[in-house]
Structures are given as C-alpha cells and as structure tokens.
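Asker: So that we are looking at the same thing, I have put the structure below in structure tokens.
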Amino acid sequence: ENGVVSVGVFHKSIDNPVYTNSFTLSDTTFQGRAYEQLDVSRPENAESGEISGIEFNWQQFFPALPAPFDGLGINFNYTFTDSSATIFGREDDVPFFGQSDEIGNIALLYEKYGFEARVAYSLNSDSLISAGANADGDVYRAERKVFDAKVSYRVHPRARVFVEFTNIDEEPLSSYQATPARVRGYEIYSWNANVGVSWNL
C-alpha cells in the first residue's frame, strides 16, 4: 500500500555500435604541422556488443506517520549490468561503451500542501569512454557519486515554481587510462542551481 516494488531483467544485443577509438601516431604531420607524437580520437564502429542486467526499484510513502511527516517517502533504484563489446582488430573484449556496471539512486521525498521536495544521492561506477589498440590504451570515466536536491510548489493546477541544486557536494569528474593510478583528467565542478516555472499541458 502506498508503494511499489519492481524487478526487471533485460538483455540487449547490438550490431556495430559506435565508440570512440583512441590511438597515437608517431612522426606524423597534421594540418601542416609536424608532430613527434600525436594522440588521435575518432568515432568508429565496433563489431558487436551485449548488455545484460537486472534492475530493482522501490518507492514508498508513509501516510500513517503523524502530520506533517505523513508526506514523507523514499525511492530506491539500483541497476547491475554485465556488458561486453567486440572491436575489430582486438582479440580481447571490452566493457560496453559508456555503460557503468552499477547505477544507483536513493532519494528522500516529501509531497504535501502543494510542496514537492527531493534530496537524492546517485552513483555511477566506472565506464569506458574510449578504446585503444589494446587494454593499455583504454580510457575510463571514474566512479562518480553526486548529491542533488529539488523543491517545488504548486501555484496553479498546471504550474509549479521550482528550485533545483545539482552536484551539491562538488564531486569532481575524473578519468584514467587502463588503471585508476594513471589519471588522465581531473575536472573540478562547483554546485549549480536552477530556478524556474514548469507548466503541464
């Protein structure tokens, strides 16, 4: 009552998926300039790919709590995947491009008196963002954990004003090559806020 629990299982088989191929050229010329070493990335087609997984979802509200806490709720979802892709010219398989093995979200909800509020914590595990000639050249986006929040108020049956905050904990975005010890990039982001009005037709 006042909640939902669901479990889903899925499998995808994909022919010729697009990925980013990264490789290095030595003693080459590009746009009229000579380079001893030039790193190149370009989109290419892989041979095939597969993604299999299971996803869980639970959302529950608690109207039996005393007011004003009877508007509280919780939402939890988690997806685990096992994926692979076959690239032309490579004997080993790689994880499917851009696909995290673990994706999760847990949120505290509140809905009452025209207010809706949500504070969420989300997780995305490592994912492959470009593939090299071998495993040593593969580049991954590192695991990322982020806090977000949103509050809205209904000012009209079809209109809401809202304010939302993203990346409250100022989680950086980092990448690495082959192993987490070989940091490829490290981008620092502050929190971000949006204020607006939403209208439902």
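The values are calculated or read from the model by the stated rules, or taken from the named source; none is laboratory data. Since the structure is predicted, the reported quantities are computational estimates derived from the model, not experimental observations. Methodologically, a virtual Cβ is constructed for each residue, glycine included, from the backbone with ideal geometry; neighbour enumeration extends over all protein chains shown. Ligands, DNA and RNA are stripped out before the accessible areas are found, and what is left, the full protein with its side chains, is counted by its heavy atoms. Shrake-Rupley method; radii C 1.70, N 1.55, O 1.52, S 1.80 Å.
Asker: Which of the residues spanning segment 102-119 are surrounded by fewer than 17 Cβ atoms within 10 Å (Cβ to Cβ) and closer than 29 Å to residue 184 by Cα?
Answerer: Matches in segment 102-119: 102 only.
Asker: Do we have any residue at all in segment 110-117 that's in a loop (DSSP other than H, G, I, E, B) and either within 18 Å of the chain's Cα centre (by Cα) or touching a residue at least 60 places away in the same chain (Cβ under 8 Å) (or both)?
Answerer: At the first step, the residues of segment 110-117 found to be in a loop (DSSP other than H, G, I, E, B) are 113-114.
From what's left, either within 18 Å of the chain's Cα centre (by Cα) or touching a residue at least 60 places away in the same chain (Cβ under 8 Å) (or both): none.
No, segment 110-117 has no match at all.
Asker: To continue, here is another question. Name the single residue, out of those in segment 40-82 being open to solvent by less than 80 Å² (accessible area, probe 1.4 Å) and of a type in the set (D, E, K, R), that is farthest from the chain's Cα centre (by Cα).
Answerer: 70
Asker: Consider only pairs whose beta carbons are under 6 Å apart and that are at least six residues apart or on different chains; among these, list those whose first residue lies in segment 15-39 and is open to solvent by 70 Å² or more (accessible area, probe 1.4 Å) and whose second residue is among the small types (Gly, Ala, Ser).
Answerer: Pairs found: 15/48; 37/26.
Asker: Got at least one residue in segment 125-136 being exposed (fewer than 15 other Cβ atoms within 10 Å of the Cβ) and in a strand (DSSP E or B)?
Answerer: Within segment 125-136, none of the residues are exposed (fewer than 15 other Cβ atoms within 10 Å of the Cβ) and in a strand (DSSP E or B).
Asker: Kindly provide the set of residues from segment 186-197 that are over 13 Å from residue 149 (Cα atoms) and at pLDDT 95 or above, ordered by number. Please lay out each step first, then the result.
Answerer: Just the residues of segment 186-197 that are over 13 Å from residue 149 (Cα atoms), to begin with: 186-190, 196-197.
186, 187, 188, 190, 196, 197 - these are the residues of segment 186-197 that are over 13 Å from residue 149 (Cα atoms) and at pLDDT 95 or above.
Asker: A further question on this structure: Which members of segment 149-192 meet the condition of being surrounded by 11 or more Cβ atoms within 10 Å (Cβ to Cβ) and among the small types (Gly, Ala, Ser)?
Answerer: 149, 152, 159, 174, 175, 178, 185
Asker: Same structure again: Could you say which residue among 88, 96 is closer than 27 Å to residue 14 by Cα, hydrophobic (A, V, I, L, M, F, W, C), touching a residue at least 12 places away in the same chain (Cβ under 8 Å) and open to solvent by 30 Å² or more (accessible area, probe 1.4 Å)?
Answerer: Working: 96 fails: open to solvent by 30 Å² or more (accessible area, probe 1.4 Å).
The match here is 88.
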